[in-house]
Amino acid sequence: MFADITIVIPTYNRPKVLRNTIESYLMGNVLPRQIIVVDQTSDAFNLSTISDWRGVELKLVRSLTPSLTLARNIGARASECDVILFSDDDI
């Protein structure tokens, strides 16, 4: 079951922690429609390391300016859902 929710997750140089966070969201009974990761690192993060998205749409947005506030705003603008949940990358 999907809810009309976007989860916005800003991250900075923590790919393993981010992967664990995303996988924990994907284990729920009610899934978000979208997960938007705002990557603020200079190295490209590869989201293909997570094998099963369970039908959740994933967006990766890059921002070269490390700022939590800016990353959340970028993620909110990229959302297509009515409800936005902001999450840290280490939940």
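The values are calculated or read from the model by the stated rules, or taken from the named source; none is laboratory data. Predicted model, so just to flag it, every value in this text is computed and none were measured. Virtual Cβ from ideal backbone geometry, glycine too; neighbours counted across all protein chains shown.
List, please: which pairs have Cβ atoms under 8 Å, are six or more places apart or on different chains, and start with a residue in the range 19-40 that is over 20 Å from Asp4 (Cβ atoms) and in contact (Cβ under 8 Å) with a residue 60 or more places away in the chain and end with one that is buried (at least 21 other Cβ atoms within 10 Å of the Cβ) and of a type in the set (A, V, I, L, M, F, W, C)?
Sorted first by the residue in the range 19-40, then by its partner, the pairs are Thr21/Ile9.
For the range 27-57, enumerate the residues that are modelled with pLDDT of 90 or more and surrounded by fewer than 16 Cβ atoms within 10 Å (Cβ to Cβ).
If the condition is that a residue be modelled with pLDDT of 90 or more and surrounded by fewer than 16 Cβ atoms within 10 Å (Cβ to Cβ), then Met27, Gly28, Asn29, Val30, Glu57 are the ones that fit.
Would you confirm, using the coordinates I've provided, whether Leu64 is of a type outside the set (Gly, Ala, Ser), exposed (fewer than 13 other Cβ atoms within 10 Å of the Cβ) and modelled with pLDDT under 90?
So Leu64 fits the description; yes.
Restricting attention to the range 69-84, which residues are charged (D, E, K, R), assigned to a loop (DSSP other than H, G, I, E, B) and under 16 Å from Leu58 (Cα atoms)?
Glu80
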